[in-house]
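These notes concern the structure reproduced below.
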2 protein chains.
Amino acid sequence: MNPVPVAELRTFVQQVFQRTGLSAADAEIATDVLVTTDTWGVFTHGTKLVYLYTRRLRGKGLSPQGRPRVEREGPAWALVDADSAMGSVSSVFAMELAIAKAATAGVAYVVVHRSCHFGAAGYYAAMAASRGMVGMVMSNDVPSVGAPGSLVPILGSNPFAFAAASDTQGSMVLDMATAAVAGGKVAAAAAEGKSIPEGWLFDKEGNTTTDPNLFAKQQGAFLAPMAGPKGYGLALMIEILSAAVSGSAMRDKVGMWAHQPTSINTDHSHGFLVINPAVFLGSDAFAGRLDDLFAGIRREPATAASGGIKIPGQIESQKQQEALEKGIQFPDEVIRMLRVAAEENQVPLPTFLS
Amino acid sequence: MNPVPVAELRTFVQQVFQRTGLSAADAEIATDVLVTTDTWGVFTHGTKLVYLYTRRLRGKGLSPQGRPRVEREGPAWALVDADSAMGSVSSVFAMELAIAKAATAGVAYVVVHRSCHFGAAGYYAAMAASRGMVGMVMSNDVPSVGAPGSLVPILGSNPFAFAAASDTQGSMVLDMATAAVAGGKVAAAAAEGKSIPEGWLFDKEGNTTTDPNLFAKQQGAFLAPMAGPKGYGLALMIEILSAAVSGSAMRDKVGMWAHQPTSINTDHSHGFLVINPAVFLGSDAFAGRLDDLFAGIRREPATAASGGIKIPGQIESQKQQEALEKGIQFPDEVIRMLRVAAEENQVPLPTFLS
């Protein structure tokens, strides 16, 4: 396949979302989150997922007309009812709210419940960074990851993101699962008939296994937590800060957004923390301090093979530049799923898919 | 050695601290942080360190009469100047402030600068938990941990702690370094003449090494970050949320509290975040939800070898119970360092040291 021009991808995805009844404004948000993620090269969380979202929008488990609303709030916090709107729509709403509150309160924590899969956590953290603030984003999900000693999955791969922008040295965007490896990588190995390294996956006897099919075909295998007890601990923290605090579904009560009937609300929950460095440092000092920090790290000696020490998110940012100039070089699987999205939503195939 | 009764240890450490000019109240705080950490079995951060703190207190790099004070503040945040007081004294002050602010504001972030080594981060997070809130604690430190591809240490082992209390199922206390392994474990292996597993340590050519002496004897080796880029990313986040945001020393500008002249202020910085679940859920619901969450996890099937799935901090809590009943069974090294503390501060050896 040729590279896909970003503008054409955007027009297409926007059109698909609007076919399901999303307003133009909501479709634009949902499109921007997924297309931006693709420009980073993070295809597991990009427009490949459109067909799954639109199935759920048509099934009404996701509400095309859903409107996130503030249920309770104070100057530095809010509880948001997502009203089963697209996870991206509720998450952009919540992060904007947290940024606005932190602008005056200095810090803000906004929790969202009655939501669904929200895509790449880093997108929302980066929103705070682009406003000169610091963003932290978390979400729970259906259990797919074990705890030390467990024979079954205990918690979701509960993602964690953090972002902050320097003045001239770019942004830091950390976006990580608390699993040792993304479930998508295991599924990809299964699809390609490859085995996986030890330590990624445990079978239902609790032994590490190199057979990705035990996970991909739902035969009781589950992902290892990142760094053992530490990743498990962080995932549990995220479960508490998103689901326990908001009254949302916890652990196995969360719905499987990609697999369960499209008519049910999955009741995912998310947390959005924003800290405004200006209150501590005075208005302009923070971005300059990050210049010193990031430039200092980049100057440190590194192996030739590494090509220098990176700031988290730097590789994704470079890929984005390239994508905006030359288009996105998608794996075949993404193209296939985009065709499914076009067909299932009766949108004519755009040039790049035909 | 026989087990050391906790009350006798407490009296002794309090006495040692007061000999350096600490007030009875400050000595009590410093003592409680270190003795509590010992009851958890976390001897690397307990009273073993007393002689190092008192050397610095006598050298005035730590100020015995230092008084942490609020430099700037709002209803949901504060910047605290530690005034070179004991890290534990400033940290208890900051966490109390964050708890008081979160009680009304719902969330609070307090940053401390001009501080020093603060001991076990989990102690302060647990303070929030004991008040029915959720606590998150971070600190920077002198670089000892590499970044992916680096040939030198880039960031400290920057600890991260999180705590929350259930009603009947105990507390979760997560307390972790962002290094793959604690430097103390590498030092211990060196002292015992043992080799260490691959992946813990890198030499100055950037290769993994099994020789702990390259680290213990400061021959250019450095610790691996936890889970590679993820641990590096978390450590950088902590550097930003403690040092960059507060105007404190970053990375190699931080002083080595255990090694550098005892007359210098090391300028460590810490961050204390508190979230008050009652604002989201109503006053009583949170601890009950954590009962469901923790009990549900404990009911899940586990390997016989694991003895069941643990909630983070559970092992430390069990050790604490045992320590309070039977005394603390210290390794010889701790006893030796306690004797040094007694001698250097001219405090008579208590029974348990003689």
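Just so it is clear, none of the values below were taken in a lab; they were calculated from the coordinates. Predicted model, so just to flag it, every value in this text is computed and none were measured. All Cβ positions, glycine included, derive from the backbone under ideal geometry; neighbour counts span all protein chains shown.
I'm checking a number: the convex hull volume of the Cα atoms of segment A:1-90, normalised per residue, in Å³. What is it?
113 Å³
Among the lysines, which fall within straight-line cross-link reach of residue A:326, defined as a Cα-Cα distance under 20 Å, with same-chain neighbours fewer than 8 residues apart omitted?
A:48
Could you tell me the center-to-center distance, by alpha carbons, between segment B:147-164 and segment B:277-337 in angstrom?
Each part reduced to its Cα centre gives a spacing of 25 Å.
Using the Karplus curve 6.51 cos²θ - 1.76 cosθ + 1.60 with θ = phi - 60°, what ³J(HN,Hα) values do you get for each residue of segment A:91-106, in whole Hz, with x for Gly and Pro?
Coupling constants for segment A:91-106: 6, 5, 4, 5, 5, 4, 5, 5, 5, 5, 5, 5, 4, 9, 7, x Hz.
Using alpha-carbon pairs under 8 Å, 6+ residues apart, how would you state the relative contact order of chain A in percent?
Taking the mean separation of contacting Cα pairs over the length of chain A, I get 23 percent.
Could you tell me the largest-minus-smallest coordinate of the C-alpha atoms of segment A:187-289 on each of the three principal axes, in descending order and whole angstroms?
If we take the Cα atoms of segment A:187-289, the spans are 55, 36, 26 Å.
Please label the shape of segment A:93-137 as rounded, prolate or oblate, based on the square roots a ≥ b ≥ c of the eigenvalues of the alpha-carbon gyration tensor (a/c under 1.5 means rounded; beyond that, a/b larger than b/c means prolate, else oblate).
Details: a/c = 2.65, a/b = 1.40, b/c = 1.89.
Oblate.
Whole-Hz ³J(HN,Hα) for each residue in segment B:305-319, computed from phi via Karplus 6.51 cos²θ - 1.76 cosθ + 1.60 with θ = phi - 60°, x for glycine and proline: what do you get?
Here the 3J(HN,Hα) series is 4, 6, x, x, 6, 9, 8, x, x, 5, 5, 5, 5, 5, 4 Hz.
Tell me which trypsin sites (Lys or Arg not before Pro) from segment A:201-298 have a DSSP coil assignment and no more than 12 other beta carbons within 10 Å of their own.
Filter output for segment A:201-298: A:217.
Thinking of the protein assembly as shown as a set of Cα atoms, what percent of all their pairs are more than 33 Å apart?
49 percent
So what is the calculated 222 nm ellipticity per residue for chain B, using -39500 (n - 2.57) for each DSSP H run with n of 4 or more, over all residues, to the nearest 500 deg cm²/dmol?
The helix-only estimate for chain B comes to -12000 deg cm²/dmol at 222 nm.
Over the Cα atoms, compute the radius of gyration (one decimal) and Dmax (the largest Cα-Cα distance, rounded to a whole number) for segment A:250-354, in Å.
Considering segment A:250-354 through its Cα atoms, Rg and Dmax are 22.0, 54 Å.
How large is the convex hull of the C-alpha atoms of segment B:124-272 per residue, in Å³?
132 Å³
Give me Rg/Rg_expected for chain B, where Rg uses Cα atoms only and Rg_expected = 2.2 N^0.38 Å with N residues.
So chain B has a normalised radius of gyration of 0.98.
For peptide B:286-295, how many partner chain Cβ atoms fall within 10 Å of a residue's Cβ, on average?
Neighbouring Cβ atoms belonging to other protein chains average 3 per residue here.
So, by mean Cβ neighbours within 10 angstrom, what's the order for A:113-126, B:2-15 with the highest one leading?
A:113-126, B:2-15
Which whole number in µm²/s is D for segment A:174-242 by Stokes-Einstein, with the Kirkwood Rh taken over Cα pairs at 4 °C and 1.567 mPa s?
Numbers: Rh = 12.4 Å.
Answer from the Stokes-Einstein relation: 105 µm²/s.
In sequence order, what are the phi-derived ³J(HN,Hα) couplings for segment A:127-135 according to the Karplus relation 6.51 cos²θ - 1.76 cosθ + 1.60 with θ = phi - 60°, rounded to whole Hz, with x for glycine and proline?
Coupling constants for segment A:127-135: 4, 5, 4, 5, 9, x, 10, 10, x Hz.
Restricting the count to DSSP beta bridges whose residues both fall in chain A, what percent are antiparallel, rounded to a multiple of 5?
Details: 35 of 41 bridges.
Counting only bridges with both partners in chain A, antiparallel ones make up about 85 percent.
Could you work out the mean count of beta carbons from other protein chains within 10 Å of each residue's beta carbon in A:235-248?
For peptide A:235-248, the averaged partner shielding equals 6.
State, to one decimal in nm and shortest first, how far the label point of residue B:329 sits from each corresponding label point in the other identical copies (label point: 7 angstrom along Cα-to-Cβ).
6.0
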